[in-house]
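Input: a single structure, listed below in structure tokens.
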Amino acid sequence: MARRRYHKKRKLPEDPVKVTIEAFTHDGRGVAHVDGKAVFIDEALPGEELEFIYTDSRKDYAEGKVETLLTESPDRGEAACAHFGRCGGCSFQHVKDEQQIVIKQGLLAEQFQRIGKVAISEYWEPLIGPHWGYRRKARMGVKYVAKKGRVLVGFRERRNQFLAEIESCKVLHPIIGEKLMDLSAMIGQLSIKDKIPQIEVAIGDQDCVLAFRVLEPATDEDKEIMRAFGHQHNISMCLQSKGPDTIVPIDGEPEVIPTYSLPDQGITFRFKPAMFTQVNYEINRLMVNRVMQEMDFNEQDRVLDLFCGLGNFTLPIATKAGHVVGVEGDQPLVNHAKENALLNNLSNVEFFAADLSKDVSDQAWARQKYNKVMLDPSRAGASDVLHNLKKWEPELVMYVSCNPSTLARDAGILVNELGYTLVKAGVMDMFPQTGHVESIALFKK
């Protein structure tokens with residue numbers, strides 16, 4: 001039997017190190033170099049001179065935290081949340097609200113140039129909405145801590161797996177964000193308080209649903225406690241024993257299916273609590289409006305919407321285009337998209353389930369022609385499906401992304417390999433106070 005090697009963890013320097021921050025990472029950390037090694041420092045801004053303490057050191061990079069700030073960037077602001085720095089939910093609160101989206105646009109440009117070898121010659125005006133209380137979808141952790149004598153509800157601490165001890169969350173919609181202590185106290189009364197690992201939060205335009213993942217069945221007394229809490233706070237309380245399809249209301253309570261709307265297109269979506277939807281409704285509406293305006297759909301258009309989810313773009317497009325095909329890898333989402341098409345009386349739209357990371361050339365929908373294509377992939381991007389554009393021959397490709405690095409990579413494929421021109425690109429403030437960058441780009445043949 002081969003002997004297992006154990007590597008002794010390298011002891012970190014204890015003394016503060018003075019550096020000047022050179023740049024930003026894609027997740028909002030400052031970058032400096034010490035003895036040729038990159039150091040990623042939380043809450044540090046480009047141009048600032050500071051002293052930092054090492055928190056980790058690897059062969060190729062190190063991590064640190066600010067010990068003393070010697071000079072301040074004009075972009076620096078005061079964090080509005082008392083839990084910032086401990087809770088890992090936000091990483092950008094040290095940046096002034098109005099500057100966050102400016103910085104993210106700079107990150108997008110840098111990624112396009114460095115990764116995709118594509119220059120952005122024209123920008124859309126950033127899409128901006130509320131900076132606080134905007135988040136309507138979340139998965140919160142739950143942990144009963146006997147030593148503290150309470151249940152923690154919220155998000156992980158920064159850079160570790162422990163739940164942060166927080167009393168509120170300013171980015172969550174207030175119906176939940178301001179009730180974390182109430183939730184904690186309620187769960188603390190349950191017999192299964194140590195058997196609830198997470199809560200799925202789903203807040204629609206009108207309704208709020210909480211799905212409690214339970215590792216053991218709730219007792220009748222537990223259900224009564226949860227029912228009373230739900231009635232008091234106007235929240236639909238559900239239990240989830242296994243996967244997302246096991247989410248059911250507390251016994252005797254009606255099933256509440258939340259909805260969100262796109263008023264300018266007259267579209268309403270119904271969705272289940274664990275299904276993916278955009279977390280920021282205000283920005284989502286502005287984003288859909290931008291797509292509709294820039295793509296200028298008409299009755300002659302045959303449109304393909306890839307990674308379509310519930311049909312967030314597919315259905316509004318169908319109000320203008322002649323025919324729309326939506327493709328998504330998750331079958332339950334496809335089923336729900338079909339139901340939403342019926343709900344909105346749209347008959348010129350089809351939905352198909354397909355793994356877009358694999359060869360789809362043998363599928364009937366993939367053998368057709370489309371003059372416009374919409375892409376809204378996960379963080380992994382859309383590189384696996386882009387080669388199909390040669391067969392579909394679209395004149396316009398609109399790409400919405402939650403990861404600027406994979407968008408930049410795919411922009412390089414579209415421009416440098418497939419012959420498209422980047423018309424315009426921009427950022428959207430979908431996730432204020434965090435390092436997440438939501439972006440959009442239009443390509444033309």
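The values are calculated or read from the model by the stated rules, or taken from the named source; none is laboratory data. No experiment lies behind these values; they were computed from the predicted model shown. Cβ placement follows ideal geometry from the backbone for every residue including glycine, while neighbour counts extend to all protein chains displayed. These area figures cover heavy atoms from the full protein model, side chains too; ligands, DNA and RNA do not enter into them. Shrake-Rupley method; radii C 1.70, N 1.55, O 1.52, S 1.80 Å.
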Quiz item: Per q in 0.12, 0.16 1/Å, what log10 I(q)/I(0) does a Debye calculation on the alpha-carbon atoms of segment 175-308 return?
Solution: -0.57, -0.85
Self-check item: Rounded D (µm²/s) - the chain, Kirkwood Rh over Cα pairs, Stokes-Einstein at 10 °C, 1.306 mPa s
Solution: 66
Quiz item: Taking the chain as a Gaussian network, where each spring joins two C-alpha atoms under 10 Å apart, which residue of I247, I101, I53 fluctuates the most?
Solution: I53
Quiz item: For segment 185-193, what does the Karplus curve 6.51 cos²θ - 1.76 cosθ + 1.60, with θ = phi - 60°, yield as ³J(HN,Hα) per residue in whole Hz, taken in order and with x for Gly and Pro?
Solution: 5, 5, 5, x, 7, 7, 5, 9, 4
Quiz prompt | Total lysine pairs whose alpha carbons fall under 20 Å of each other in segment 97-194 (8 or more apart, or interchain) | solution = 10
Self-check item: the chain - percent relative contact order, Cα under 8 Å, separation 6 or more
Solution: 14
Exercise. Quote the relative contact order of segment 163-270 in percent (integer), defining contacts as alpha-carbon pairs under 8 Å separated by 6+ residues.
Key: 20
Quiz item: So for segment 26-118, taking the charge dipole from beta-carbon charges (+1 Lys/Arg, -1 Asp/Glu), which of V34, L45, G116 sits furthest toward the positive end?
Solution: G116
Quiz item: About its Cα centre, what dipole magnitude does segment 262-331 give when the only charges are +1 on Lys and Arg Cβ and -1 on Asp and Glu Cβ, stated in debye to the nearest 20?
Solution: 220
Self-check item: Of the GluC sites (Glu not before Pro) in segment 237-303, those whose Cβ has at most 10 other Cβ within 10 Å and which sit in DSSP loop
Solution: E299
Exercise. Would you please give the residues with an amide H less than 5 Å from that of T259, counting only those at least 5 places away or on a separate chain, with H modeled from the backbone geometry?
Key: G204, D205, Q206, D207
Self-check item: Within a Gaussian network of the chain (alpha carbon springs, distance under 10 Å), most fluctuating of S184, S57, S401
Solution: S57
Quiz item: Accessible area per residue, 1.4 Å probe, Å², for segment 282-427: what's the number?
Solution: 39
Self-check item: segment 283-354 and segment 70-132: distance between their alpha carbon centers, rounded to Å
Solution: 30
Quiz item: Magnitude of the Cβ-charge dipole of segment 174-333, K/R +1 and D/E -1, about the Cα centre, nearest 20 debye?
Solution: 140
Quiz item: Top mean-square fluctuation among E22, E43, E14, Gaussian network model of the chain, C-alpha springs under 10 Å?
Solution: E14
Quiz prompt | Positive-pole candidate from L210, P126, L70, dipole of the chain, charges at beta carbon | solution = L70
Practice problem: Compute, for W392, the solvent-accessible surface of its heavy atoms (probe 1.4 Å) with the complete set of protein chains present, and express it in square angstrom to the nearest 10. | Solution: 0
Quiz prompt | Volume of the Cα convex hull of segment 252-369, divided per residue and given in Å³ | solution = 123
Quiz prompt | Heavy-atom SASA rank of H231, H387, H336 (probe 1.4 Å, accessible area, largest first) | solution = H231, H387, H336
Practice problem: Show me 317-325, 418-426, 353-361 ranked by packing, highest mean number of other Cβ atoms within 10 Å first. | Solution: 317-325, 418-426, 353-361
Practice problem: Put one equal scatterer on each alpha carbon of segment 175-233, apply the Debye formula with no solvent term, and list log10 I(q)/I(0) at q = 0.14 1/Å to two decimals. | Solution: -0.38
Quiz item: Taking a threshold of 21 Å on the Cα-Cα distance, which of the pairs K391/K444; K195/K272; K390/K445; K320/K358; K11/K59; K242/K272 fall above it?
Solution: K195/K272; K320/K358
Quiz prompt | Spatial separation of Cα centroids for segment 368-405 and segment 135-173, in angstrom | solution = 37
Quiz item: Is it possible to state the helix-based mean residue ellipticity at 222 nm for the chain, with each DSSP H run of 4+ residues giving -39500 (n - 2.57), the sum divided by total residues, to the nearest 500 deg cm²/dmol? What is it?
Solution: -6000 deg cm²/dmol
